[in-house]
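K.L.:
If you scroll down you'll find the structure; I have some questions about it.
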Amino acid sequence: MSTLTTALGTDRSRRLRAALTALLAVAVACGAPFYFAPFQVFQLTMVLLYAVALAGLNLLVGFGGQISLGHGAFFAAGAYSAAVMLDRYDTGHLATLPVAAAGCFLLGLGFGVPALRLRGLYLALVTLSFAVFLPSLLKRLEPVTGGSMGLTVDKLQPPAWSGLAEDQWMYFVVLTVAAVALLLARNLLRSRVGRALLAVRDNESAAEVMGVRLSLHKTLAFAWSAMFAGVAGCLYTWVIGFVSPDSFSFVLSITLLAGLVVGGLGSLYGPLLGAAFVMYVPSVSQDLSEAAPGVVFGLLIITVMFVAPTGLAGLPGRVLGAIARRLPRTSAAATATVLDRTPEAESAPDAEPESPPDAEPNSQAETRPSATLTPADPAVADAEPVGAPPRTEKD
């Protein structure tokens, strides 16, 4: 009964800490646009936008165990879906979001079918080829996509009743969509589909023996991942107001994958950390070295991988684990030191041992201190040794 009560108390305290952490995060997120400058608010908006795309990539790579170097192509598909609807058909901004999500979901579903027979480097090359040829295709479809010049659309404007500036309103809209997307990804991973994805990632043969349909869940992983990327691309169009083929080169796909690895594969908080890395590190690299920002960017990635091989999300756990491993050694050394300190060792070093109880002093000099005499003293020269025979006249 006591064990059950302890477990319930621990679970209740854990939920309380999670609720307090969530409330603190919401308070900080809601107060950020009123504290920072407009450009900094724009950067935070882009971080949330990239976090949605990385959450989808995390489903595929981190939890699904598959590799994709073409995630930027799904991002571009969502962005162009929203841009074409806004420019050609003059629809509302909110109407473009479900269309971009559904279209990219179907695109990922169709792309996942031929990818079932591929894995590893072969799958990576196929997805990379998709990211390479899509910008060229967008340039060829000039009547629809605007060609190399791209499309310019209106940004999402704040309503009059909000009293917010454009950057603040856009931040709160993207924050809401990002919160819903991250919550959806979290619930998806805790559902039956998420457990199946984890089983496929760990061991495909064992998962198939347990009744998991590999083809279905691998295809769904691509579809969900593409849907999240499409939503992020739609938000990109709302925030930037301009799309062009050069904005979605294969470098974007590699940058997204690098950001996810740096943030932490298979972690719920990895997409947020990876999105911050994707947003801020290139600008920092540009400030440090205008001649070779790519070199600084690469060195920063290598440094992070050496310091935190499991990503930034796993760095606190590694630090706490290292501290926990050192604590037992320290306590064991302290215990050994205490055991070695016996009462005899703790006694004063200059203390004289006591004489046995039956021992008797041999002389009176042993019982009390005697005066110190020097050979130069005349009394010493004429003194007779104690116990010596009496002197004779001859002596």
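The values are calculated or read from the model by the stated rules, or taken from the named source; none is laboratory data. Given the structure is predicted, the values throughout are model-derived calculations rather than measurements. With ideal geometry, Cβ positions are generated from the backbone for all residues, glycine too; neighbour counts draw on all protein chains shown. Just the protein is used for accessible areas: all its heavy atoms, side chains included, with ligands, DNA and RNA removed. Shrake-Rupley method; radii C 1.70, N 1.55, O 1.52, S 1.80 Å.
K.L.:
Can you find a residue in the range 251-265 that is at pLDDT below 85 and either over 25 Å from Ala55 (Cα atoms) or open to solvent by less than 40 Å² (accessible area, probe 1.4 Å) (or both)?
P.N.:
no
K.L.:
Follow-up. How many of the residues in the range 97-119 are free of Cβ contacts under 8 Å to residues at least 24 places away in the same chain and either more than 18 Å from Ala76 (Cβ to Cβ) or not in a helix (DSSP H, G or I) (or both)?
P.N.:
Qualifying residue count, the range 97-119: 4.
K.L.:
Another one. Determine whether the range 28-41 contains at least one residue that is at pLDDT 90 or above, aliphatic (A, V, I, L, M) and surrounded by 22 or more Cβ atoms within 10 Å (Cβ to Cβ).
P.N.:
The answer is no, given that none of the residues of the range 28-41 is at pLDDT 90 or above, aliphatic (A, V, I, L, M) and surrounded by 22 or more Cβ atoms within 10 Å (Cβ to Cβ).
K.L.:
Is it the case that the range 256-264 has a residue that's touching a Lys or Arg at 6+ places or on another chain (Cβ under 7 Å) and of a type in the set (A, V, I, L, M, F, W, C)?
P.N.:
Step one: of the range 256-264, the residues touching a Lys or Arg at 6+ places or on another chain (Cβ under 7 Å) are none.
Taking every residue of the range 256-264 in turn, none turns out to be touching a Lys or Arg at 6+ places or on another chain (Cβ under 7 Å) and of a type in the set (A, V, I, L, M, F, W, C).
K.L.:
Taking into account only those residues within the range 113-129 that are open to solvent by less than 20 Å² (accessible area, probe 1.4 Å) and modelled with pLDDT of 80 or more, which is nearest to Tyr89 (Cα to Cα)?
P.N.:
So the first thing to find is which residues in the range 113-129 are open to solvent by less than 20 Å² (accessible area, probe 1.4 Å), and the list is 115, 123-124, 127.
Cutting the leftovers down to modelled with pLDDT of 80 or more gives us 123-124, 127.
Values: Leu123: 36, Ala124: 36, Thr127: 31 Å.
Ranking the qualifying residues of the range 113-129, first place goes to Thr127.
K.L.:
Any residue at all in the range 73-92 that's more than 15 Å from Thr145 (Cα to Cα), open to solvent by 20 Å² or more (accessible area, probe 1.4 Å) and out of contact with any helix residue (DSSP H, G or I) (no Cβ under 6 Å at 6 or more places or on another chain)?
P.N.:
yes
K.L.:
Follow-up. Return the residues of the range 58-100 that are polar (S, T, N, Q), in contact with a Leu (Cβ under 9 Å, 6 or more places away or on another chain) and under 25 Å from Val251 (Cβ atoms); say none if nothing qualifies.
P.N.:
Asn58, Gln66, Ser68
K.L.:
Are any residues in the range 220-250 in contact with a Cys (Cβ under 8 Å, 6 or more places away or on another chain) and open to solvent by 10 Å² or more (accessible area, probe 1.4 Å), and if so, which ones?
P.N.:
Selection gives Met227, Val231.
K.L.:
Thr176 versus (1) farther than 17 Å from Gly65 by Cα; (2) open to solvent by less than 80 Å² (accessible area, probe 1.4 Å): which is the lone unmet condition?
P.N.:
Against the list (1) farther than 17 Å from Gly65 by Cα; (2) open to solvent by less than 80 Å² (accessible area, probe 1.4 Å), Thr176 comes up short only on (2).
K.L.:
Report the residue count in the range 130-143 for those that are open to solvent by 70 Å² or more (accessible area, probe 1.4 Å) and hydrophobic (A, V, I, L, M, F, W, C).
P.N.:
4
K.L.:
Applying the selection to the range 200-219, what residues are crowded, with 19+ Cβ neighbours inside 10 Å and either over 30 Å from Ser81 (Cβ atoms) or out of contact with any helix residue (DSSP H, G or I) (no Cβ under 7 Å at 6 or more places or on another chain) (or both)?
P.N.:
Across the range 200-219, the qualifying residue is only Ala207.
K.L.:
Oh, and also: Quick check on this structure: which one of Tyr80, Tyr122 is under 30 Å from Gln157 (Cβ atoms), among the aromatic types (Phe, Trp, Tyr) and part of a helix (DSSP H, G or I)?
P.N.:
After ruling out the rest, the residue left standing is Tyr80.
K.L.:
Another question about this same structure. Say whether the condition of being open to solvent by less than 30 Å² (accessible area, probe 1.4 Å), under 21 Å from Gly78 (Cβ atoms) and touching a residue at least 24 places away in the same chain (Cβ under 8 Å) is met by at least one residue in the range 301-316.
P.N.:
no
K.L.:
Let me ask something additional. Would you pick out the residues in the range 16-59 that are over 18 Å from Glu166 (Cβ atoms) and over 18 Å from the mean Cα position of the chain (by Cα)?
P.N.:
Passing the criteria: Leu16, Arg17, Ala19, Leu20, Leu23, Leu24, Val26, Ala27, Val28, Ala29, Gly31.
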